[in-house]
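K.L.:
Have a look at this one before I ask anything.
The values are calculated or read from the model by the stated rules, or taken from the named source; none is laboratory data. Everything numeric here is computed off the predicted structure, so don't read it as measured data. Cβ coordinates were reconstructed from backbone atoms using ideal geometry, including for glycine residues, and neighbour counts include every protein chain displayed. When the accessible area is computed, the model is the full protein with side chains, heavy atoms only, and any ligands, DNA or RNA have been set aside. Shrake-Rupley method; radii C 1.70, N 1.55, O 1.52, S 1.80 Å.
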Amino acid sequence: MLTSKHTLVAMVTDKPGVLNRAASLFRRRGFNIDSITVGHSELPHVSRMTIVVVGSSAMVEQVRKQLEKLVDVIKVADVTGEGTIIRELALIKVKAVSTTRSEIMQIVDIFRAKIVDVAADSLTIEATGDEDKLSSLYNMLRGFGIKELARTGCVAMVRGGAKSAAIDKESLKDIQ
Amino acid sequence: MKKTGSQILCECLINEGVDVMFGILGGVIIPFYDTLPQYPQLKHILVAHEQGGAHAAEGYARATGKVGVCIATSGPGATNLVTGIADAYMDSVPLVAITGQVTRPLIGKDAFQEIDITGITLPITKHNYLVTDTASLAKIVKEAFFLARTGRPGPVLIDIPKDVLTSLTEFVYPDRISLPGYKPTVQGHPSQINKAARLINESNKPLIIAGRGAIISQAYDELKQLAEVAQIPVITTLLGISSFPESHILSYGWLGMHGMAYANLAVEECDLVIAIGMRFDDRVTGKISGFAPNAKIIHIDIDPAEIGKNVRVDVPIVGDIKPVLQSLNKDIDRVDHIEWISRMDTLRKEHPSINIRDTESIIPQYVIRQIYEITKGDSIVVTGVGQHQMWTAQHFWFDKPNSLITSGGLGTMGYGLPAAMGAKVAFPEETVWCIDGDGSFQMNIQELGTIARENIAVKIAIMNNGFLGMVRQWQELFYEKRYVATPLRCPDFVKVADAYNIPGITVKNKIDVIPSIKKAMETEGPFLLNFIVEPEENVYPMVPAGAALSEVLEEPLKKVRCK
C-alpha cells in the first residue's frame, strides 16, 4: 500500500490528560506516529496539537476519525499539502575546535541558523525549518561530531486565507 | 442551599432517571452510601462481586436501552469493574460506572486502595472523569449520562475522591451541556442516502446484514419495511439477533463463525450488502479478503470511525439507523427479487445448518429448543459465553425485539448470570432465562447470593458438559484432541443453589427435560436446572478462524464448498 507523510492538526480542549488520551489511542490502535506536539492556540482553553504520521491514506483517515471520537478533541484537519507551512526547531550541540569552528559557522550561515552558545570544544546551534532542512543541516554537521540533538517535532499552519484547522468560536464559549 | 457531594450525586442520578444501581461499597465511598437513605427512590442492589455489578448494570441497560449504573469503591473495587466496562465498550452498552477514590491530598501517593482507574479505563471507556472539585460534580454527572446514552452508546466512568463527596457546595443542576468536541451525526447525508437507494434499486441480489445498531436505534419497523418493500433477505450478526423476527419469511438467520451456512454462503453470492449498525468484526466476516467478494457495500453506522475500518465501503452513511432508514425507505422501489429469494431458499434447503439430531442422551441443542417451545419464545434470553451461547443463538428463535442479551465483542465468560439478573430487575414481569455453560456459570456463580437475597426470579439452565466446551472443540479440531486444561470438575450446582435456598433439579435423562423446564417456569422465584449433556458435542456450522465464510464446515471436517 502507498504510504506517505501526513500532517494532522487537532484542536483540543485544554484539560489534563488530553495528550495522554491521544497518545494512548495511537499506541492501542497501532498507529505509528512520527511526531506529536501540543501547545496553546489563539483561543483560551483550546490547545493545538500537530501530529505527523506516516501511512496509507486509509490508515491516516482512521487516525483522524479515531482522534475525532475523543470527547476532548474538537476538530481534526489533515493539512498535508503544498499550501501548508511546516516548521520545527532543533538545538544541535556540535564538537568544535579552533580548526573546525569557522567551517561550522559557514554551514550555519548557509542554513540561516543561529549559534546560541560557544564553548571551548563545542558550538550550540539553533535552527528552524521544515523537517528536510533540519535533517540536511544535521547531516552536514555530523562529520564534526554531534554531542547532543533536540528536535521539537513539527507545527503546521495553512497559508493565507484558508483556515482548515479553525473552529467555530461560538461553540467554545462555555469551555472552561 | 449547600449540599454535600454525595447529596449532589444522588440528586443528579435521580434527575437522570436512575431507579436502580448495582454495587458494593468500601472505605472511600461510604459517604455516598451514607446519603442513600435520604433518597429512597434510588434503589441499590448489593452484588457479591463488582464484576457482577457491572454486568448486571449492562443487562439492565441492554434490556431497557436506558443507562445502567454500577458503583464500586477505589482500588480493587474499581479494578473488578474493568471486565464489565470493557464488555460494555465492545458492545456499545450505555453504562455509567461510579468509583470512589482516595482523598485528593492522597492522590499520587500510592495510598491504601488507591489506583489510577481513569488511567486504566482510558482505552475501554467512551470518556472518563476524575472529579477534582465538588462544584464540577453535577456538570460531570450530567455529561457522563449524556455521553453514555447518545451517539454510539458506551461506558463512562466517574472517579470521585472521598473528600469531594463530603465537601459542601451550592447545588445547581446544569440545564444544558456544552461538549464542543462531541456532536454525533443523527440524520444521514441526503446525497449518500440517494446513492444508497439507487444501488439498492439496481441490485439483483441484495442482502441486509443487521447488527446491534438496529436494536439500539429501535429501528425494527424501518428495517422490516426496507426488507419487505424491496424483498431483501435479512441476516443478522450475533448481536443483531432479534432486530428482525427470525420467523419472518425474509429472515435467513445470522452469519459468522457459527452462523448458519446458508447465511454465510449468501454473503458470498450477493451483489449488494446493506450493512446496518454493524462493524464487520472478524468473527462476522471470516477472512476479510474473502468477504462478500461479488458485492458492493452500503454501510450505515452512527460511528464514522467504523466506516472503512475493516472493509472497503462503496456508500457510507453516517447517522442513527432509525432516521436514516426512514429517509432511505422513501426512495426504495417496490420489487420482488423472486430469483434471488428462491436461490436463498435453495441454499437453506441444501444447508439446513440447524437441524437437531435425534439422540438418546441429552444434547444442548435439544434442551434449548425445548425452552423455546415451552416459553413460546416469550422470554428475554441471556447467555454466558461459549458453545451454549452459540447453540442458544442457533436454536432459540428470536421474534421478540431485543430479546437476546449476550456478550459479543469481548466474549466475557461469566456474563450470563449477572446480566440476566439486571434484565430481570428491569422487567420483573418478563420471563428471563439465563442459558449458561458449566465453565461460564462458575465465573460469576457468587451472584446466586444476590439473586436469592433480592428474590430475582431468573430461570437458569446450565448446559453441563464437564468441559470448557468451546476450547475443547478447538482442541479436538485443531490441536489433535489434546485436551489440556479443558476438563472441568464442577461442584453439584443444585447443591450450591440449595445452599442459597434456590431450588433446582439435575436432569440426566432426556425424558425429564420437558417436565423440568415446566417445573422451573411454574415455580415462583429463581430456579436452577443442571442439564448433564453430551460431553463432546460440537457447534456446527463452523468457519475456522482465518478462513473465508464460504469455507464453512457444516459437520466434522466436511467443507460445504471449497474454493
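K.L.:
Would you list, by chain and number, the aspartates and glutamates whose Cα falls below 15 Å from the Cα of B:Lys330, excluding same-chain residues fewer than 8 positions away?
P.N.:
Qualifying aspartates and glutamates at Cα under 15 Å: B:Asp221, B:Glu222, B:Glu228.
K.L.:
Taking the Cα centre of chain B as origin, work out the dipole magnitude from +1 charges on Lys and Arg Cβ and -1 charges on Asp and Glu Cβ, in debye rounded to 20.
P.N.:
520
K.L.:
Here's something else I'd like to know. For A:Asp34, what residues show an amide H to amide H distance below 5 Å, using hydrogens built from the backbone and excluding near sequence neighbours?
P.N.:
Under 5 Å from the amide H of A:Asp34 lie the amide H atoms of A:Val52, A:Val53, A:Val54, each far enough along the sequence or on another chain.
K.L.:
Using θ = phi - 60° and the Karplus relation 6.51 cos²θ - 1.76 cosθ + 1.60, list the HN-Hα couplings for region B:130-143 in order, rounded to whole Hz, with x at every Gly or Pro.
P.N.:
These are the phi-based 3J(HN,Hα) values: 10, 7, 9, 8, 4, 4, 8, 4, 4, 4, 5, 4, 4, 4 Hz.
K.L.:
I'd like the antiparallel share, as a percent to the nearest 5, of DSSP beta bridges with both residues in the protein assembly as shown.
P.N.:
45
K.L.:
May I pose another question? Counting pairs of alpha carbon atoms under 8 Å apart in space and at least six apart in sequence, what relative contact order in percent does chain B give?
P.N.:
14
K.L.:
For chain A, set up a Gaussian network in which alpha carbons nearer than 10 Å are linked by springs, and say which option among A:Asp130, A:Asp117, A:Asp72 fluctuates the most.
P.N.:
Evaluated over chain A, the most mobile residue of the options is A:Asp117.
K.L.:
Separate question: Please report the accessible area of B:Asp436 (heavy atoms, 1.4 Å probe, ligands and nucleic acids excluded) in Å², nearest 10.
P.N.:
Counting only protein heavy atoms, B:Asp436 exposes about 0 Å² to solvent.
K.L.:
Quick one: which residues, 5+ away or cross-chain, put their amide H under 5 Å from the amide H of A:Ile74? H built at 1.01 Å from N.
P.N.:
A:Met11, A:Val12, A:Thr13
K.L.:
Return the lysines within reach of B:Lys43: Cα separation strictly under 17 angstrom, same-chain partners fewer than 8 residues apart disregarded; answer none if there are no such residues.
P.N.:
B:Lys66, B:Lys424
K.L.:
Right, another one. Classify region B:355-400 from the C-alpha gyration tensor, please: rounded if a/c falls under 1.5, else prolate or oblate depending on whether a/b exceeds b/c.
P.N.:
Taking the square roots of the gyration eigenvalues as a ≥ b ≥ c, region B:355-400 is oblate.
K.L.:
What whole-number distance in Å separates the alpha-carbon centres of region B:391-428 and region B:324-383?
P.N.:
17
K.L.:
Karplus couplings for region B:392-401 from phi (6.51 cos²θ - 1.76 cosθ + 1.60, θ = phi - 60°), rounded to Hz, Gly and Pro as x?
P.N.:
5, 5, 7, 10, 8, 9, 9, 9, 6, x
K.L.:
What percent does the relative contact order of region A:4-60 come to when contacts are Cα pairs within less than 8 Å and at least six residues apart?
P.N.:
Dividing the mean separation by the residue count of region A:4-60 yields 49 percent.
K.L.:
Pull up the cross-link candidates among the aspartates and glutamates for A:Lys65, meaning alpha carbon to alpha carbon under 15 Å and not fewer than 8 places away within one chain.
P.N.:
The reachable aspartates and glutamates, counting only those whose Cα sits under 15 Å from A:Lys65, are A:Asp78, B:Asp301, B:Asp303, B:Glu306.
K.L.:
Whole-Hz Karplus ³J(HN,Hα) for region B:224-231, in order, using 6.51 cos²θ - 1.76 cosθ + 1.60 and θ = phi - 60°, x for Gly and Pro?
P.N.:
5, 4, 4, 5, 6, 5, 9, 6
K.L.:
Longest segment of chain B with no GluC sites (Glu not before Pro) in a DSSP loop having at most 10 other Cβ atoms within 10 Å?
P.N.:
Free of exposed loop sites, the longest segment is B:1-359.
K.L.:
For region B:2-170, give the magnitude of the charge dipole about the Cα centre (Cβ charges: +1 Lys/Arg, -1 Asp/Glu; no others), in debye to the nearest 20.
P.N.:
The calculation lands at about 320 debye.
K.L.:
Cross-link list B:Lys183/B:Lys224; B:Lys126/B:Lys400; A:Lys15/B:Lys322; A:Lys69/B:Lys139; B:Lys322/B:Lys459: which exceed 23 angstrom alpha carbon to alpha carbon?
P.N.:
Long pairs (Cα-Cα over 23 Å): B:Lys183/B:Lys224; B:Lys126/B:Lys400; A:Lys15/B:Lys322; B:Lys322/B:Lys459.
K.L.:
Follow-up question, since we're still on this one. With the Cα gyration tensor of region B:105-196 giving a ≥ b ≥ c as the square roots of its eigenvalues, does the rule (a/c under 1.5 for rounded; else a/b larger than b/c for prolate; else oblate) give rounded, prolate or oblate?
P.N.:
Here region B:105-196 falls in the oblate category.
K.L.:
Something else: Summarise the partner chain shielding of A:66-74 as one whole number: the mean count of Cβ atoms from other chains within 10 Å of each residue's Cβ.
P.N.:
Mean shielding by partner chains, rounded to a whole number: 5.
K.L.:
Another question, then. For chain A, what's the relative contact order in percent, using C-alpha pairs closer than 8 Å and at least 6 residues apart?
P.N.:
For chain A, the relative contact order is 27 percent.
K.L.:
If I ignore ligands, DNA and RNA and count only protein heavy atoms, how much of B:Ile363 is accessible to a 1.4 Å probe, in Å² to the nearest 10?
P.N.:
Surface accessible to solvent at B:Ile363 totals approximately 0 Å².
K.L.:
For chain B, rounded, prolate or oblate, judged on the Cα gyration tensor with a ≥ b ≥ c (square roots of eigenvalues), a/c < 1.5 rounded, else prolate if a/b > b/c?
P.N.:
In terms of gyration-tensor shape, oblate.
K.L.:
Given H placed 1.01 Å from N in the peptide plane, which residues other than close sequence neighbours of B:Gly100 have an amide H under 5 Å from its amide H?
P.N.:
Here B:Ala72, B:Thr73, B:Ser74, B:Ile160 satisfy the definition.
K.L.:
Among DSSP beta bridges whose residues both lie in region B:2-170, state the antiparallel percentage, nearest 5.
P.N.:
Restricted to region B:2-170, the bridges split so that about 10 percent are antiparallel.
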